[in-house]
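This report concerns only the one structure given below.
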Amino acid sequence: MPATSAAAVIPPNANLRAEGIPPIQRTIAERVAAYTDFRGYGFMGWHPKNRSMLVRHRGATDNLAQVYLLDGPSGTMTKLTDFAESVQGASFEPREGRYLVYGRDTGGNEATKVYRMDLPSRESTLLSNPDERSSAMWTEKGDRILISAVPLDRTAQGGTRAQVTTTLTFVNPLKPEEKSKLAELPGGGWFGGRFSPDDSRLAMTQFRTSTDTELFLIDTKSGQRERILPAAGQPAAGYFPAAWSKDGKRLFLTTNAGSEFSELAVYDLGAKTLTSLTKHIPWDVSGVDLSKDGKLLIAEINNNGRDEMRLFDATTGKELPAPKVPAGAIGGTSWHESLGDEVAFSLNSPQSPGDAYSLNVKTGVVTRWTTAYAPPTIDPSTFVTPQLIQWKSFDGRMISGWLFAPDAKRFPGKRPVFVDFHGGPEAQSTVRFMGRWNYYINEMGIAVILPNVRGSTGYGKSFAQLDNGFLREDSVKDGGALLDWLATQPHLDGKRVVVSGGSYGGYMSLAMATNYSDRLRGAIDIVGISHFVTFLNNTESYRRDLRRVEYGDERDPKMREFQEKIAPLNNAQRIKVPLFVIHGKNDPRVPYTEAEQIVQKVRANNVPVWYLLADNEGHGFARRVNADFQFYATVKFLETYLLN
């Protein structure tokens, strides 16, 4: 290749394996550059003594988001981490804030290790077993952490385990050799640990699905556990502990017991009664935190994909006037340890990449602590706000999604469509910042649709279960019904559609391509499942039983026969449109072999197959250099097959 030609092309970096992808012109990178450099902030945790906080942020020279200390609203930012690997979470030692405890994996493998960081020196000390996947929670006293760990398949004979246990271990972060095992719990899926005020009991949930969990109390001296919910004889439901009352007699939680939606409730441990506090709110409660004095509860409400904040009296359970906070996607709500009236949270919106805020519940004053960076050539305040759309599916059920439509004056006529299915499938596409995808909308004139097909959360637990097991393809039919709807829309071009999705959404994209190839221009599969049987055989053992509940148990002959029948891999000959497959080699959830096998099979169809594999990524691309190349290639794919 002549030097001038080589200079005009951006090659994949040494960690990327690109197959079938044509040369990416440097002009693409130049055109999209501004849209790849939004740099927002996310709240991570308060300092326990002063009005400062930890935030997650990717600086101008960072390849990954790092942890920073922000000393006040619009204050000085001090960079605390500068790692080559992602930090999963970080918190101050909860009494004096003398050091941090954080988690970090390697290459996106999610084999998280727990560390202590001494702030003066920035030196880190390993606190967990390097051959386990670990997470940590603080005791109420703040002198110890409890590490919850599951074994990794790399330590198993034959590379897999039939049975998994979760080990709970107390560790003194300052003296890691001082550790004591609390309990070994059967299976994986143990989440939501909350210590009682005196640290004598631990509330934990064993999760199977959002509608099937068990809530236990664990004695922190003996390790003995007692199931408290659901009560004997009661139907399965979801129960997720949020906080203990100050006297330790009540437990606040979220639950969908007796309701279609997740409600804020309180469980009286003496009377053994469960009382809902949000029966009047017909939407999911997605997050709850109790003030440090035990008087107020703040809750995040998912109102049809738009977040709201609500306030409750923790003693009476009565709702108080709702705080007035900016519109957007809210997350991480947390009361300050010593400044009792202040709550911090993260917020992003279609017009903002994400910032850290605080709310004073007494005065109602909302303070913006950070201002997300956007390149000077772009004004995010002009970005489109999505509209809610609905269409009728094969069985008469109404399905909804979000439409981000290009400016009709700049892009007149019927617009090509990019449909992206979310993962999960127990998840939901909500109103949020679209990041790089704003380039598709603003500069390429592509309409973006985010469907919430059956199986999505946010619309009631019955809706969330409509795709389980043998009902799997019904969600794909919802996608087909969306294509029918697109054909009737005067401003959308139903003949120019590309489908995409990540994780379970990658399966949806492949399934759409096998069932509706004649109505598509292309499909993009990001870390997706190409065959449920091979996926279940190869996913990490600590996840396998949880996924069997959703997708069906491949050990059952009838279920296996069904999974073989619907597998995109076994129907690959029906994929007649260009396919772009993207995966991380270290993915523990959906192993990269799911990508390898579908790429090999579809290539036999004599259609273009683009394949991008990252050696240093897992379930999605976290490193900017990799994400940039993925985006350049995706723009090229859309220009070639959707717009051309």
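The values are calculated or read from the model by the stated rules, or taken from the named source; none is laboratory data. Here the structure is a predicted model, which means the values were calculated and not measured. No Cβ is skipped: glycine too gets one built from the backbone with ideal geometry, and neighbour counts run over all protein chains shown.
Assorted remarks:
- The condition (being more than 25 Å from residue 94 (Cβ to Cβ), exposed (fewer than 14 other Cβ atoms within 10 Å of the Cβ) and either not assigned by TED's automatic domain parsing to the domain that holds residue 425 or not small (Gly, Ala, Ser) (or both)) is satisfied by just one residue among 209, 165, 155: 155.
- Residue 299 vs. criteria assigned to a strand (DSSP E or B), of a type in the set (Gly, Ala, Ser), within 25 Å of the chain's Cα centre (by Cα) and more than 30 Å from residue 387 (Cβ to Cβ): no
Yes/no per residue for (1) within 28 Å of the chain's Cα centre (by Cα); (2) among the small types (Gly, Ala, Ser):
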residue: 7; (1), (2): no, yes
residue: 19; (1), (2): no, no
residue: 28; (1), (2): no, no
residue: 32; (1), (2): yes, no
residue: 55; (1), (2): yes, no
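- Some residue of the stretch 548-555 being assigned to a loop (DSSP other than H, G, I, E, B) and either in contact (Cβ under 8 Å) with a residue 60 or more places away in the chain or not assigned by TED's automatic domain parsing to the domain that holds residue 630 (or both): yes
- Conditions (1) in contact with a strand residue (DSSP E or B) (Cβ under 6 Å, 6 or more places away or on another chain); (2) more than 27 Å from residue 438 (Cα to Cα); number of the one not met by residue 56: (2)
- Total residues in the stretch 182-213, condition of a type outside the set (A, V, I, L, M, F, W, C), in a strand (DSSP E or B) and either in contact (Cβ under 8 Å) with a residue 40 or more places away in the chain or within 19 Å of residue 266 (Cβ to Cβ) (or both): 9
- Filtered residues of the stretch 214-242 (kept if of a type in the set (Ser, Thr, Tyr), under 15 Å from residue 263 (Cβ atoms) and either modelled with pLDDT under 95 or not in a strand (DSSP E or B) (or both)): none
For every residue, the table says whether it meets (1) surrounded by 24 or more Cβ atoms within 10 Å (Cβ to Cβ); (2) of a type in the set (S, T, N, Q).
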| site | (1), (2) |
| --- | --- |
| 511 | yes, no |
| 529 | yes, no |
| 536 | no, no |
| 539 | no, yes |
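- Taking each residue of the stretch 581-605 that is assigned by TED's automatic domain parsing to the domain that holds residue 152 and looking for partners that are among the basic types (Lys, Arg) with beta-carbon atoms closer than 9 Å, six or more apart or interchain, yields nothing.
- Selection within the stretch 513-527: residues that are free of Cβ contacts under 8 Å to residues at least 60 places away in the same chain and surrounded by fewer than 24 Cβ atoms within 10 Å (Cβ to Cβ). The member of this set that is nearest to residue 571 (Cα to Cα) is 515.
- For the stretch 13-28, a residue qualifies if it is in a strand (DSSP E or B) and not β-branched (Val, Ile, Thr), and the qualifying residues are 16, 17, 18, 19, 25.
- The sole residue among 425, 406, 451 that is closer than 17 Å to residue 480 by Cβ, free of Cβ contacts under 8 Å to residues at least 60 places away in the same chain and touching a helix residue (DSSP H, G or I) at 6+ places or on another chain (Cβ under 7 Å) is 451.
- The stretch 14-25 residues that are in the same structural domain as residue 614 (by TED's automatic domain parsing), paired with ones that are polar (S, T, N, Q) (beta carbon under 7 Å, 6 or more apart): 15/616; 15/626; 16/626
- Screening the stretch 71-181 for strands (runs of 3 or more DSSP E) wholly inside it with 2 or more residues that are in contact (Cβ under 8 Å) with a residue 60 or more places away in the chain and out of contact with any helix residue (DSSP H, G or I) (no Cβ under 9 Å at 6 or more places or on another chain) returns the ranges 99-104.
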